[in-house]
Structure formats: C-alpha cells, structure tokens
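Here is the structure we will look at.
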Amino acid sequence: MKGLAILGATGSVGASTLDVVARHPDRFRVVALGAQRSIGRLRELVVRFEPDVVALADPGPAQELAADLARAGARTRVLAGADALTAIATLPEVDFVMAAIVGAAGLPSTLAAARAGKRVMLANKESLVMAGPLLMQAVHEGGATLIPIDSEHNAIFQCLPRAAGACAGVRRVVLTASGGPFRNRPRETLAAVTPEEACAHPVWSMGPKISVDSATLMNKGLEFIEACLLFGLRPDQVDVVLHPQSIVHSLVEYADGSLLAQLGAPDMRTPIACALAWPERIASGVEFLDLVKVARLEFGAPDLERFPCLALGQAAARAGGLVPAAVNAANEVAVEGFLAGRLNFTGIAKVIESVMTRGARGPIGSIDDVLRADREARALAREALP
Ligand code: NAD
Ligand code: MG
C-alpha cells in the first residue's frame, strides 16, 4: 500500500490522478490533498478519499473548510499557507507525491518532495524549467525517483533504455506537438483570438494556463527545456514535430536507426498510471487504441514564425542558467494578462521576448538566484503589459 500526496488535487491532473487511484484502493491510499482555494471540490474529495490532511495555500478558505469538516465530524486535518503544501509533500506516511500545482507556485513543494526522497510524479513542468539543475540535484541527493507525467516526457521515459549508462546509444528525442487550437490559423488573425478560443484545445482537456501555453506553443518551448533537463540532453538532441492526432506521445531515436515511440489515446490517466505503478502496469480507465479507427498519423514541421514562443523556449534552453526561469515567469505574467483581457494573444510572445532580452542571465548558484530571477522577470513583464 503506497501513501499518496496529491498537490493540485482540484485541478485537471489532480482529477485524473484521483480517477486512477480510485480504481486501485488495494494499492494506494490518499494521505494528503493540496490545492489553492477551491473548497467546494475539496469537501467532495475529503468525503470520498478520507485523507489524513488537506493543505490549502489560501488561509481564508482553509479556515472555512476546517470549520465545515469539524461540523461534519470528519477526521481530516486542515493546514493553511504555502508552507503547508511543502509539509504534506514530506510527511513520513507519504511515499508518492503528485506534483500537479500549476506554475512557479509548485516549486517549493516539488523540491521538498525530491529532498525527502519521495517518488516525485512531476506534472508541474514550471518547477523544472525554473530550477532544473537544483531539482535534479535534490532528486539525486534525496534518493528520490522522478517520473515525468507530462505525456511527452513520460513517453520518452518509457522509450529510453532502462540499464544505467545505456543512454549512450540515444541519438535524439522527438517531442510531438498537437499544434493547439490555432494550428491552421493564418498569422494575421491570431492577434484577435479570445481566451475562450485559446482554452478550447482540440485534443486535450486541461487547466487554463497550460491550454493557453498549448495555443502559443510555449508549452512545447517549456517541454523542450524540460526534456533537456530531465534526460541530460543537449538542445540539439531534442526535436519537435507537429502531430495533430496526439496519438504518438513522443519518440526516442537510437544510433542504429531505431525510432521507439509510445502511442496511446490522448488521456493523462495513462502517464499517471504508468508513474503510479512503475515498473508494473495497471489499468488506467483509458480507452484502448483502435489503430484501424485511428487510420492515419500525420507529422509536420512546426511554424516558428507563427508561433514564436516555441523558438523562445528553445533559445532559453540553449542559454540555460537563469534564462529559463525568467522566460517561465514572463510567460506566467503574460498568460494571466491574456486571460484577464489585458493583452492580446500575439502580445504574449512579445512580452516574453522583451523580458528575455532584459532579464536575468548567468548560472544558477542557489534557489535564491532562481527566486530573484523569477521576481525580476515578473516585474519586467508587468511593465511590458499594455
Ligand atoms: P489546473 O489549473 O487544472 O489545476 C491547478 C492546480 O494547482 C489546482 O488544484 C490549484 O488549486 C493548484 N494551485 C494553483 N496555484 C496554487 C498555489 N499557489 N498553491 C497551491 N496550489 C495551487 O492545472 P492542470 O492543467 O492540472 O496543470 C497542473 C500542472 O500540470 C501544470 O504545471 C501543467 O503544466 C502540468 N500538466 C498538465 C497537463 C494536463 O493535461 N492538464 C498535462 C501535462 C502537464
Ligand atoms: Mg505535454
């Protein structure tokens, strides 16, 4: 029986995780749930999964939930504040941590879970993009196991050789990209797209931030950085191809010409179940692929002119050091601005580019460097908003 902490339990990845976990009550126990503030959803989850503890970043909603649960006689404790998320990630009863908070807010708890030697199931790509070398070091020193949940990186994880040192035969990895909702939109119409259109992903159902990232292709830019860090690859060993069906989740090419791919229905429950059971396999509830029905798999080159965010992500990967942290922070501010109607869609790349040219650079010495680069980039991005 493995004890689980699910950080970001009320989000899209959180819901998919709980769906898989609920299918295997004999294998997993939900010890802790973490979220920002959505207490309506948390109340339901407490009744259903009876966790020992719930952590909420926002103190007001936490107090309200604690009072509710006390009235109902529930035995679940409620903790409040950003530190509470870190605390539940390191509980001794917790073996596995699902890091599914969105954005930079997920960094402290993800790092803490790694230092505490947990199995870290990493959906929160922003924490890796910001502080990749520090997070990988924490995994190593803490004796943690890091399993990527991002479907592309989970696919690569599945296609890589298992034997230590065998990576020598890997020539490159290929990340697939659906192309998002605006794959076929003419460039001149992109400035006018609305947040609703940007969040309506043709294949994946996800939270609003990553949906916008998928529409700008910044998601693929972040994933490019993520791939370099996770698998120790140089940027020239990572390629991106468009694949609108999102059936091939990514590929690994070997020196002998073999190209190994992982295929499956576009449903996050597959990588989540893979990470939960690894190295075993368990049912995830995902529909099995009918290849005859799929019939056709298409691949194409991404258009970096129409989607400059991908090129910005690739440039940040090449620059390394603090640049990815600055780009990530600028993107978070720009996406918030776009969702709030303050910035148009094509403005997102412009804000990121302006921060990239003026923001922090140089190597990452410590977590303080990362947090400073993040703060500075946010300030520069806010200045750049119209
Ligand atoms: P979401 O918006 O649906 O959910 C976000 C979760 O984070 C919520 O539970 C929210 O309460 C919590 N949260 C937000 N700010 C917080 C804070 N300050 N403190 C504590 N909790 C906070 O997002 P999502 O789509 O589930 O994505 C989560 C992460 O997984 C992101 O990093 C995303 O890039 C990554 N990811 C998601 C998908 C997907 O299919 N949704 C796929 C790959 C990777
Ligand atoms: Mg992905």
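In the stretch 333-345, the condition of being outside any helix (DSSP H, G or I), surrounded by 17 or more Cβ atoms within 10 Å (Cβ to Cβ) and in contact (Cβ under 8 Å) with a residue 12 or more places away in the chain is met by at least one residue. Please enumerate the residues belonging to the stretch 176-189 that are under 14 Å from Leu242 (Cβ atoms) and exposed (fewer than 13 other Cβ atoms within 10 Å of the Cβ). Correct list: Asn184 only. When each of Ser211, Ser151, Ser205 is tested for being over 30 Å from Ser258 (Cβ atoms), within 11 Å of ligand 1 (Cβ to nearest atom), touching a residue at least 40 places away in the same chain (Cβ under 8 Å) and out of contact with any Asp or Glu (no Cβ under 7 Å at 6 or more places or on another chain), the lone residue that passes is Ser205. Applying the criterion of being of a type in the set (A, V, I, L, M, F, W, C) and surrounded by fewer than 17 Cβ atoms within 10 Å (Cβ to Cβ) to the residues of the stretch 16-51, the residue that is nearest to Ala70 (Cα to Cα) is Val47. On inspection, Ala80 fails the criterion of being touching a helix residue (DSSP H, G or I) at 6+ places or on another chain (Cβ under 6 Å), within 16 Å of ligand 2 (Cβ to nearest atom) and either closer than 22 Å to Ala144 by Cα or not assigned by TED's automatic domain parsing to the domain that holds Glu223 (or both). Mind counting the residues in the stretch 7-42 that are away from ligand 1 (no atom under 14 Å from the Cβ) and farther than 19 Å from Ala89 by Cβ? Total meeting the criteria: 6. Within the group Val139, Val173, Val78, Val120, which residue is crowded, with 18+ Cβ neighbours inside 10 Å, touching a residue at least 24 places away in the same chain (Cβ under 8 Å), outside any strand (DSSP E or B) and at negative phi? Residue meeting the stated conditions: Val139. Scan the stretch 220-247 for residues that are closer than 24 Å to Gly132 by Cβ, within 15 Å of ligand 2 (Cβ to nearest atom) and either without any contact (Cβ under 8 Å) to a residue 40 or more places away in the chain or among the small types (Gly, Ala, Ser) (or both) and the total you get is 2. Checked against (1) buried (at least 24 other Cβ atoms within 10 Å of the Cβ); (2) of a type outside the set (Lys, Arg); (3) more than 16 Å from ligand 2 (Cβ to nearest atom); (4) in a helix (DSSP H, G or I), Val13 meets all criteria but (3).
The values are calculated or read from the model by the stated rules, or taken from the named source; none is laboratory data. Predicted, not measured: the structure shown is a model, and the values here were computed from it. Glycine gets a Cβ as well: all are built from the backbone with ideal geometry, and neighbour counts include every protein chain shown.
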